[in-house]
Each structure stands twice: as C-alpha cells, then as structure tokens.
2 protein chains.
Amino acid sequence: MRAAKPQYDVFQAIADPTRRELLKLLADRELPVTAISVRFPMSRTAVSKHLRVLSEAGLVKGRKSGREMRYRLEPEPLLELKRWLAYYERFWANKLAALQRYVETKDDAAGGEEEQSGANF
Amino acid sequence: MRAAKPQYDVFQAIADPTRRELLKLLADRELPVTAISVRFPMSRTAVSKHLRVLSEAGLVKGRKSGREMRYRLEPEPLLELKRWLAYYERFWANKLAALQRYVETKDDAAGGEEEQSGANF
DNA sequence: ATTATGCGAAACCATTTGGTTTCATATCGC
DNA sequence: GCGATATGAAACCAAATGGTTTCGCATAAT
C-alpha cells in the first residue's frame, strides 16, 4: 500500500507548531477548511498549505463533501514516531532509575550499571 | 543566569535526518566532532552546525576535552516528545491494534528509517 | 618555538519554507 | 441561470535552513 514516496515525512510535518495545532484540532473532529482556518492567525490558503503537508505525511485525510473539504486526523504515521522514540527510552530509563534508587533509599537494586557519564541527578 | 531561550525545540531538532543520525550515533558513545563528521557526507563545519542545533534543543551536550569537543546524547528533551505523542495514543488505540502489534514485534531498533541523503555507512 | 590539529564563527550561497494575494473552478442557494 | 461560497493552484516574497569556504584561536605534538 505504500504508494508514491511522500515528500514530507512525519518528522518534518510535526516540526511546525501550526501543524501540531492542526493535528490537535482535528483529533476528534472532522472539519472543513474554512472552519479550521478561522481559528488561526493566517489566511485560509496558508492553512490549506499546512493541511497539504500533513496530508502528504499521512497525518490527515480530507474527504470532499459537497463544495467543502473535510479533514480529520489520521494517526497511523505517529507510530513511526513512537517507534523511533522507543529506541531512546533505555537512555533516559537509566537516569530515571538512578533517580528512583536515590529517592527510594531501599536495598533492592542489584547491580549498579552506572556509566561514566557523570551523574546529572 | 538562566540560559537564553533556545531557538530550536525538540520537534525542529529531530526533523532533519542528519540530526536524527547524530542522535543515534551519540546515544551510547561520546565522540569529538571530527570523529563524528567523518561519518557524514558533508563538511565538519556542517556537522558542527547540526550539533549546535541539537545542543540548543538540549538533546546533546558537549564537553571540552583538551582541544576537542566531545558530544553525547542528552535524552531528557525526548520526554516532551513522548508526552506529546501520548496524547494521540487513544486515537490509534481503537482502530490500529493490528498495526501496533506489527510495529511492536520489530521494535528492537530505531534504525529502520534513516535514509540519509546519498551515503550509507 | 614552531607546526599541526580540532573546533567554531563568519560570510556567503542556493533552496526550502511559511506566508501573502490573486485567480479558476466547483458547488450551493435562490 | 446567477450570484455567493469553498477550495486549491499559481505567482510571488522574505526569512529560515542546510550547505560551503575561509579564517582565527586554543591546544597538542615535535
């Protein structure tokens, strides 16, 4: 189903704060362009262009309803982000574990996997 | 003194594929700039500029060691991303169980997606 | 002391980005 | 049919972005 290579990926798409707001707005509603654009301090055309970026990233989908185009969230591509992020969980997990050991002051922690990284906590 | 307001946030910082590669590279090693830059198809100065963006976003920290500057990952700001993403979990939870299972089974690395312009290593 | 190395700042450049205004087209209401 | 409304495409523009080369300055090595 991977169709043509989109020129915007999810990382680029969410980099812009306006587009993140659009995602939030369309998360649970489906809205036509004009209704969307009145909420933003820019022209309808500018909003339309942001919607196109989101659409190319697969984060939003529009369907035509009469003369209006109604957009809604399409959350699937966020899984790519989630997966990317998952890789780094272990790196802050170490730090949080160190913090937790400190807070708990219990005797359970078996081995200290302390790296030389210079404790920030 | 409170540091100046960073002009790059985590969303912008990770939008660039080179910078995502930098994060991955620096995740478990601490490396000086030249050692980093030889792995990228661009000048040392360009890499240095990417490191500065990451540094402003708090994703990387450099410490001077002699005449070299050694950078390493600073994962905390990724928590902001995680929090942002968490908001949308409920939207894919309903309809995307199958896809999520698919993702989770291959969840062992974050290295799947980086299509760096022109050069693989 | 002199040379070599590691790094970032500066100046510069091309392309992309985020916005605008204008225009063409499709559809709705009358 | 005709005017009003909804939308996207196009042309345009300023600023940001991602890269380059050049340069100056610390620090290391000889």
- Message: Going through A:V47, A:V38, A:V33, A:V10 one at a time, which residue ends up being of a type in the set (A, V, I, L, M, F, W, C), away from DNA strand D (no atom under 12 Å from the Cβ) and modelled with pLDDT of 95 or more?
- Response: A:V10
- For the range B:55-74, which residues satisfy the criterion of being more than 16 Å from B:D28 (Cβ to Cβ) and within 11 Å of chain A (Cβ to nearest Cβ)? B:R63
- Note on the structure: The residue that is surrounded by the fewest Cβ atoms within 10 Å (Cβ to Cβ), considering only those in the range A:41-52 that are among the hydroxyl-bearing types (S, T, Y) and either within 19 Å of the chain's Cα centre (by Cα) or part of a helix (DSSP H, G or I) (or both), is A:T45
- Message: Name the single residue that is surrounded by the fewest Cβ atoms within 10 Å (Cβ to Cβ) among those in the range A:8-40 being among the small types (G, A, S) and over 15 Å from A:G62 (Cα atoms).
- Response: A:A15
- Flag for A:P77 being touching a residue at least 12 places away in the same chain (Cβ under 8 Å), within 12 Å of chain B (Cβ to nearest Cβ) and open to solvent by less than 40 Å² (accessible area, probe 1.4 Å): yes
- Item | Evaluation of B:Q100 against (1) in contact with a strand residue (DSSP E or B) (Cβ under 8 Å, 6 or more places away or on another chain); (2) at pLDDT below 95 (one fails), failing number | (1)
- Mind listing whichever residues of the range A:53-70 are open to solvent by 30 Å² or more (accessible area, probe 1.4 Å) and farther than 17 Å from B:A15 by Cβ? A:S55, A:K61, A:R63, A:K64, A:S65, A:G66, A:R67, A:E68, A:M69, A:R70
- Item | Count - residues of the range B:53-95 that are within 16 Å of DNA strand C (Cβ to nearest atom) and within 11 Å of the chain's Cα centre (by Cα) | 10
- Message: Residue under question is B:L23, and the condition is that it be over 20 Å from A:D16 (Cα atoms) and within 12 Å of chain A (Cβ to nearest Cβ); does it hold?
- Response: yes
- Item | Enumeration of residues in the range A:50-63 that are near DNA strand D (Cβ under 8 Å from one of its atoms) and more than 22 Å from B:L85 (Cβ to Cβ) | A:R52, A:G62
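The values are calculated or read from the model by the stated rules, or taken from the named source; none is laboratory data. Nothing here was measured: the structure is a model prediction, and the numbers come from that model. All Cβ positions, even for glycine, are placed from backbone atoms using ideal geometry, and neighbour counts span all protein chains on display. Accessible surface areas use protein heavy atoms only, side chains included; no ligands, DNA or RNA. Shrake-Rupley method; radii C 1.70, N 1.55, O 1.52, S 1.80 Å.
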